[in-house]
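Enquirer: One structure coming up, written as structure tokens, with questions to follow.
The values are calculated or read from the model by the stated rules, or taken from the named source; none is laboratory data. None of the values given here were measured: they were computed from a predicted structure. Note: ideal-geometry Cβ built from the backbone for every residue, glycine included; neighbour counts use all protein chains shown.
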Amino acid sequence: MEEDASSGYAWEGALERSWDVIEEDDSGNLKINQAVKKQHRQRRLEIARNVRKGLIRYTYVVMDLSRGMATKDWKPHRLACASEVLQQFVKDYFDQNPISQLGVIGIKGMTAEKLSDLSGNPKTHMERIAAALAVDKEPSLQNALDIARSSLKTVPAYGSREVVVVYGNLVTADPGDIFQTLASLKRENIRVSFIGIGAEMHLLRRIADGTDGTYHVAVDAEHMKRLMTAFTFPSPTVATAASRFATLVEMGFPQRRSGALSLCTCHQAFTTVGYLCPRCKSKSCDLPTTCQVCNLPLVSSPHLARSYHHLFPVAKFAQCLLRSGVTGEKGAKVFPELVQKKCFGCLLPLGLDNEGAAYECTTCQNVFCSECDMYVHDSLHNCPGCS
């Protein structure tokens, strides 16, 4: 018992000797630990599977605002950590999915409340999440799922319907049979995923498995951030009768206009700058959005280009070991002559990399260092040698 009491909380373990993940190179510059690099590569390998993915996503984030989120096993408390992680998630979500939409639902006091409607404006969602810091009584998971279902069932069939729930309690105060709600979610092809704080609940696991979602329990704020990052990438689409046929999505590409004051349809305010719908000529303030008059999705060509890379990610580069005795991936061969060459991306010698490996594009045969390999796959999404 004394050993258990002295072991402390789970979040304290992540803070012990935290400086071990930071290393210095020969010139004194900081670099990330090799274990962190391996985590990035493993996540990229999981993403780069040849499966059908939905580029247009409609996602609701359910935020637990019950008394359980006031627990201080995470510092300063669970809600503050979750709020910070969710705000960063909103930013990353729209960076990876610019033509998708997102909404936020809060649950507390045995009720659920829609904090923000489905929209493509990340600023509004982040402001609502940051302002939701009051906790009250127990949560009602069924009410939150019913609100999300009633909103998602009206979205177009070509978009994927998702709900991500951050749950920090071990109970739910529901007004009815939550398994009837589960059956409705399955009929509407809505995927529900959970990130728990505390302990695993059988009910959440059953809902996640029944809707082809995922369920993970975060041990600390950093772990929760990594779990939320997985939801920024499109999930495989759920097979339906409608998905057997190709669907053409009508979209408008409005031009930016500035000049005299005119009324915008999204905020009902007079502005001088906006985007005119090519169909009905009504003005909207931001892109991407949906025209409030004719319901035409309004996007720009860069938005489509940034979403396109999810369908055809950059192929995995082949690992080439620079010297013998280095532990590499399965099938990696040693090429000592590469030590004298430079990285095609940053033009630095490949021998400076303490990882002892380089990465070759199988298409253009150009060789990259580990840092440029991660940058090409995680941020650039195009091989500089092939383009």
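Enquirer: Which condition number in (1) modelled with pLDDT under 80; (2) in a loop (DSSP other than H, G, I, E, B); (3) not assigned by TED's automatic domain parsing to the domain that holds T362 is the one that R306 fails?
Expert: (2)
Enquirer: Sticking with this structure for a sec: Can you tell me which residues in the stretch 154-170 are among the β-branched types (V, I, T), out of contact with any helix residue (DSSP H, G or I) (no Cβ under 8 Å at 6 or more places or on another chain) and in contact (Cβ under 8 Å) with a residue 24 or more places away in the chain?
Expert: Result: V155, single match.
Enquirer: Please indicate, with yes or no, whether at least one residue in the stretch 290-301 is over 30 Å from Q268 (Cβ atoms) and outside any loop (DSSP other than H, G, I, E, B).
Expert: Within the stretch 290-301, the subset over 30 Å from Q268 (Cβ atoms) is none.
No, the stretch 290-301 has no match at all.
Enquirer: Exactly one condition in (1) in contact with a Leu (Cβ under 8 Å, 6 or more places away or on another chain); (2) part of a loop (DSSP other than H, G, I, E, B); (3) surrounded by 14 or more Cβ atoms within 10 Å (Cβ to Cβ); (4) modelled with pLDDT under 80 is not met by R279; state its number.
Expert: Among (1) in contact with a Leu (Cβ under 8 Å, 6 or more places away or on another chain); (2) part of a loop (DSSP other than H, G, I, E, B); (3) surrounded by 14 or more Cβ atoms within 10 Å (Cβ to Cβ); (4) modelled with pLDDT under 80, the lone unmet condition for R279 is (4).
Enquirer: Still on this structure: Please go through (1) touching a residue at least 12 places away in the same chain (Cβ under 8 Å); (2) charged (D, E, K, R); (3) in a helix (DSSP H, G or I) for K137 and return the number of the only condition it doesn't satisfy.
Expert: (3)
Enquirer: How many of the residues in the stretch 327-366 are under 23 Å from H381 (Cβ atoms), part of a loop (DSSP other than H, G, I, E, B) and small (G, A, S)?
Expert: Here the count works out to 1.
Enquirer: Still on this model: Is it the case, given these coordinates, that I129 is closer than 20 Å to C81 by Cα, part of a helix (DSSP H, G or I) and among the β-branched types (V, I, T)? So that I can check it myself, show each step before the final result.
Expert: Details: closer than 20 Å to C81 by Cα: yes; part of a helix (DSSP H, G or I): yes; among the β-branched types (V, I, T): yes.
Yes: the conditions hold for I129.
Enquirer: For the structure I just gave you, tell me whether A199 is under 23 Å from H77 (Cα atoms), part of a loop (DSSP other than H, G, I, E, B) and in contact (Cβ under 8 Å) with a residue 40 or more places away in the chain. Before you say what the answer is, go through the steps one by one.
Expert: Numbers: under 23 Å from H77 (Cα atoms): yes; part of a loop (DSSP other than H, G, I, E, B): yes; in contact (Cβ under 8 Å) with a residue 40 or more places away in the chain: no.
Answer is no for this residue.
Enquirer: Also, I was wondering about something else. Which residue out of A242, A208, A157, A230 is at pLDDT below 95 and surrounded by 15 or more Cβ atoms within 10 Å (Cβ to Cβ)? I'd like the intermediate steps shown before the answer.
Expert: Values: A242 fails: surrounded by 15 or more Cβ atoms within 10 Å (Cβ to Cβ); A208 fails: at pLDDT below 95; A157 fails: surrounded by 15 or more Cβ atoms within 10 Å (Cβ to Cβ).
None of the others qualify; the one that does is A230.
Enquirer: I'd like to verify a number: residues in the stretch 367-384 that are modelled with pLDDT of 85 or more, in a helix (DSSP H, G or I), surrounded by fewer than 21 Cβ atoms within 10 Å (Cβ to Cβ) and not aliphatic (A, V, I, L, M), how many?
Expert: So the answer is 2.
Residues checked against (1) buried (at least 20 other Cβ atoms within 10 Å of the Cβ); (2) in contact with a Pro (Cβ under 9 Å, 6 or more places away or on another chain):
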position	(1), (2)
V61	yes, no
A80	no, no
F89	yes, no
F94	yes, yes
